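Notes to accompany the following structure.
The values are calculated or read from the model by the stated rules, or taken from the named source; none is laboratory data. Quantities reported herein were computed from a predicted structural model and do not represent experimental measurements. For neighbour counting, all protein chains shown are included, and Cβ atoms are generated from backbone atoms with ideal geometry for every residue, glycine included.
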Amino acid sequence: MKHLRVSCREAEAARHALERSGVLHSAYLPQREGDSVLWPLCGAADGDVVEREPRQCQRPAGDYRQQLPSTLRRLAPRGFDLLGHAAILRLSDEAEPHAILIAEALLASHGQLRTVALDSGVDGRWRVRALRVIAGEDDLVVHHRENGLRFEVDLRQVFFSPRLATERARIAALVRPGERFLDPFAGAAPFAVSAAAAGAQVLAADGNPAAQRWAERNSALNNLSSENFEFHIALAETLLPSLRDFDRVVLNHPTAHLNYLEPALAATRPGGSLHLYLLANRGEDATAETAAALVERGRVEAQRLVHPFSPGRELRVLDIRRGSS
């Protein structure tokens with residue numbers, strides 16, 4: 001069975017993130033391996049996923065799919081995104097005609113849920129999820145907690161994924177107090193707020209005009225000040241060429257990462273870090289194309305799986321160190 005391996009220090013944050021995403025397998029127990037904890041999974045999760053023999057709990061797990069007719073149980077997804085009072089479902093073509101029945105079963109089985117929406121994928125210029133409420137209240141302004149932080153966002157206006165919670169915690173753990181941190185595709189600013197809360201001096205930006213309201217709201221919710229968190233409405237292609245000497249840059253535009261690699265690297269100080277997010281085919285080494293684009297200006301130090309994206313595709317992150325020139 002697949003397990004998510006995390007350090008003992010990150011174990012509780014990882015557990016909460018997995019529970020919110022609906023992918024923590026409650027029928028099995030976590031396991032300890034040295035300085036790591038292994039959480040059993042019932043769906044896709046971001047991070048270091050390993051295969052281990054499962055340890056059965058004494059009590060059976062609850063599963064909303066048990067409320068469905070037996071013919072539909074195999075079609076209904078076990079995992080879903082949970083953000084506050086809302087659950088976000090991705091359904092196969094075969095399952096979609098039964099979407100309302102599946103959503104109502106999910107709503108009935110989770111007392112905290114008030115809304116279930118169907119996710120048809122990321123759409124439009126600002127890469128916002130195409131969501132349609134199919135059960136419960138028509139309310140997609142959600143309040144979400146992760147890694148000890150609070151976020152509020154309208155999911156119809158700005159992209160937000162709880163599946164990046166562990167990755168955001170990883171980046172925040174790398175931050176050194178006082179370092180200059182740049183996120184040019186910030187959205188509602190979950191990466192940027194996480195970095196600022198860890199002590200970084202943050203510049204966040206997004207071209208989506210709706211992002212400013214939620215980024216500034218999230219800054220306020222987490223008691224950040226204008227001294228260490230600054231947000232601008234700006235297109236990355238306009239903003240990046242004017243910036244230099246950031247200690248750490250997060251470049252989270254997986255479908256167009258190479259378009260922004262050069263200006264993002266130029267905005268990173270020599271010896272600084274660039275975290276580049278991209279989509280790759282499962283089993284494929286994603287470093288070759290990026291390494292060729294870097295030439296001698298930087299090097300890929302690590303490649304990590306963030307989470308499965310679709311059948312055969314994965315979201316990856318490349319940790320890049322800028323060279324001395």
Checklist outcome for this item: Log entry, pairs with first residue in region 226-251 being at positive phi, second being modelled with pLDDT of 95 or more, beta carbons closer than 7 Å, six or more apart or on different chains, reads ASP245/ARG180; ASP245/ARG269
Checklist outcome for this item: Filtering region 300-325 for residues that are touching a strand residue (DSSP E or B) at 6+ places or on another chain (Cβ under 6 Å) and over 25 Å from VAL49 (Cα atoms) leaves a count of 3
Checklist entry - Where residues in region 1-23 are closer than 18 Å to LEU305 by Cβ and either of a type in the set (Asp, Glu) or free of Cβ contacts under 8 Å to residues at least 40 places away in the same chain (or both), which of them is surrounded by the fewest Cβ atoms within 10 Å (Cβ to Cβ)? => result SER7
Checklist entry - Looking at region 198-213, is at least one residue touching an Asp or Glu at 6+ places or on another chain (Cβ under 6 Å) and closer than 12 Å to VAL250 by Cα? => result yes
Item to check | Residue match in region 121-130 (condition: hydrophobic (A, V, I, L, M, F, W, C) and either without any contact (Cβ under 8 Å) to a residue 24 or more places away in the chain or over 23 Å from VAL317 (Cβ atoms) (or both)) | outcome: yes
Checklist entry - Quick check: is even one residue across region 45-54 surrounded by 18 or more Cβ atoms within 10 Å (Cβ to Cβ) and either over 21 Å from LEU155 (Cα atoms) or assigned by TED's automatic domain parsing to the domain that holds HIS307 (or both)? => result yes
Next on the checklist: Being under 21 Å from the mean Cα position of the chain (by Cα), surrounded by fewer than 19 Cβ atoms within 10 Å (Cβ to Cβ), of a type in the set (Lys, Arg) and more than 23 Å from LEU155 (Cα to Cα): is that true of ARG269 here?
Outcome noted: no
Checklist outcome for this item: Note on region 255-310: residues under 22 Å from ALA172 (Cβ atoms) and among the basic types (Lys, Arg) are ARG269, ARG304
Item to check | Near pairs, Cβ below 8 angstrom, 6+ apart or cross-chain, from region 68-85 (within 20 Å of PRO190 (Cα to Cα)) to any residue that is in a helix (DSSP H, G or I) and acidic (Asp, Glu) | outcome: LEU82/GLU19
Next on the checklist: Suppose we filter PRO241, PRO270, PRO254, PRO263 for residues that are closer than 30 Å to ARG150 by Cβ and assigned by TED's automatic domain parsing to the domain that holds GLY199; which single one remains?
Outcome noted: PRO254
Checklist entry - Looking at region 158-177, is at least one residue touching a residue at least 12 places away in the same chain (Cβ under 8 Å), of a type outside the set (Ser, Thr, Tyr) and part of a strand (DSSP E or B)? => result no
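Would you point out which residue out of GLU230, GLU179 is closer than 21 Å to ASP319 by Cβ, over 20 Å from the mean Cα position of the chain (by Cα), surrounded by fewer than 21 Cβ atoms within 10 Å (Cβ to Cβ) and among the acidic types (Asp, Glu)?
Unique residue meeting the criteria: GLU179.
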Item to check | Qualifying position, being within 14 Å of the chain's Cα centre (by Cα) and assigned by TED's automatic domain parsing to the domain that holds ALA220, among ALA186, ALA197 | outcome: ALA186
Item to check | Every pair of residues 6+ apart whose Cβ atoms lie under 7 Å, when the first sits in region 280-301 and is in a loop (DSSP other than H, G, I, E, B) and loosely packed, with under 13 Cβ neighbours inside 10 Å while the second is at pLDDT 90 or above and among the basic types (Lys, Arg) | outcome: ARG282/ARG313
